[in-house]
1. So, in region 52-66, exactly how many residues are open to solvent by less than 80 Å² (accessible area, probe 1.4 Å), without any contact (Cβ under 8 Å) to a residue 60 or more places away in the chain and within 14 Å of Pro100 (Cβ to Cβ)?
2. Being modelled with pLDDT under 85, aromatic (Phe, Trp, Tyr), touching a helix residue (DSSP H, G or I) at 6+ places or on another chain (Cβ under 9 Å) and under 30 Å from Ile104 (Cα atoms) narrows it down to one residue among Phe57, Phe61; which is it?
3. Identify all residues within region 138-149 that are more than 14 Å from the chain's Cα centre (by Cα), among the hydrophobic types (A, V, I, L, M, F, W, C) and open to solvent by 50 Å² or more (accessible area, probe 1.4 Å); write none if there are none.
4. Can you confirm whether Leu74 is part of a helix (DSSP H, G or I), open to solvent by 40 Å² or more (accessible area, probe 1.4 Å) and farther than 16 Å from Arg128 by Cα?
5. Looking at Ile117, Ile104, Ile93, which is the one that is out of contact with any Ser or Thr (no Cβ under 6 Å at 6 or more places or on another chain) and open to solvent by 60 Å² or more (accessible area, probe 1.4 Å)?
6. State which residue pairs qualify: first residue more than 19 Å from Ile93 (Cβ to Cβ) and inside region 116-136, second residue at pLDDT 95 or above and open to solvent by less than 50 Å² (accessible area, probe 1.4 Å) in any location, beta carbons under 8 Å apart, and separation of 6 or more residues or different chains.
7. Of the numbered conditions (1) within 20 Å of Ala38 (Cα to Cα); (2) touching a Lys or Arg at 6+ places or on another chain (Cβ under 9 Å); (3) open to solvent by less than 20 Å² (accessible area, probe 1.4 Å), Met124 fails exactly one; give the number of that condition.
8. Within region 61-71, track down each residue that is part of a loop (DSSP other than H, G, I, E, B) and either of a type in the set (A, V, I, L, M, F, W, C) or touching a Phe, Trp or Tyr at 6+ places or on another chain (Cβ under 7 Å) (or both).
Amino acid sequence: TGELSKGVLNFEDPLGARLQQRHDPAARTKDYLGTVNAYYDAVTEIYRSGWGNHFHFGLFFDKDEPAEVAIKRLETVIVTSGNISKDCTVLDIGCGVGGPTCNIALMTGAKVIGLNINEKQLEMARKRAEDLGVSEIVTFDCADAMKMP
């Protein structure tokens with residue numbers, strides 16, 4: 001896995017070496033799974049420290065409101081706009097650590113399937129679903145969104 005040292009990528013570690021391939025599209029495409037997994041293995045805890053379990057921005061109505069409120073608002077807009085209800089099955093492609101996946105299930109009672117290629121994040125997501133009591137309606141599968149099962 002890659003390592004971050006004081007916020008700077010070390011190009012001698014595996015993640016840094018992979019990121020250097022970005023100038024070579026053929027090399028980047030050939031090993032995208034390794035690159036993506038190395039990246040998320042390295043940055044997941046950093047992302048969680050800033051965004052919690054929801055790796056997306058929020059819908060802010062006021063510059064002073066907490067990020068958690070804006071994040072929940074955006075997820076509520078998705079649920080409302082998509083008419084997601086208990087009778088629905090939702091596929092969350094690239095579900096990260098399962099924040100929105102679990103939240104949508106909690107808000108609606110819908111069955112939600114989280115899809116991700118990073119097993120480290122999926123372990124966190126499964127634990128989150130269990131902790132929130134939604135593991136009966138939320139599942140997480142390890143699969144490549146570029147080659148969906």
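1. 6
2. Numbers: Phe61 fails: modelled with pLDDT under 85.
Exactly one of Phe57, Phe61 is modelled with pLDDT under 85, aromatic (Phe, Trp, Tyr), touching a helix residue (DSSP H, G or I) at 6+ places or on another chain (Cβ under 9 Å) and under 30 Å from Ile104 (Cα atoms), namely Phe57.
3. Within region 138-149, Met146, Met148 qualify.
4. Working: part of a helix (DSSP H, G or I): yes; open to solvent by 40 Å² or more (accessible area, probe 1.4 Å): yes; farther than 16 Å from Arg128 by Cα: yes.
Yes, satisfied.
5. On the way: Ile117 fails: open to solvent by 60 Å² or more (accessible area, probe 1.4 Å); Ile104 fails: open to solvent by 60 Å² or more (accessible area, probe 1.4 Å).
Going through Ile117, Ile104, Ile93 in turn, the sole match is Ile93.
6. Cβ pairs passing all conditions: Leu132/Cys102; Ser135/Ala129.
7. (3)
8. Going residue by residue through region 61-71, those that are part of a loop (DSSP other than H, G, I, E, B) are 61-66.
Listed by number, the list holds a single entry, Phe61.
The values are calculated or read from the model by the stated rules, or taken from the named source; none is laboratory data. No experiment lies behind these values; they were computed from the predicted model shown. Glycine also receives a Cβ, built like all others from the backbone with ideal geometry; neighbour counts cover every protein chain displayed. Accessible surface areas use protein heavy atoms only, side chains included; no ligands, DNA or RNA. Shrake-Rupley method; radii C 1.70, N 1.55, O 1.52, S 1.80 Å.
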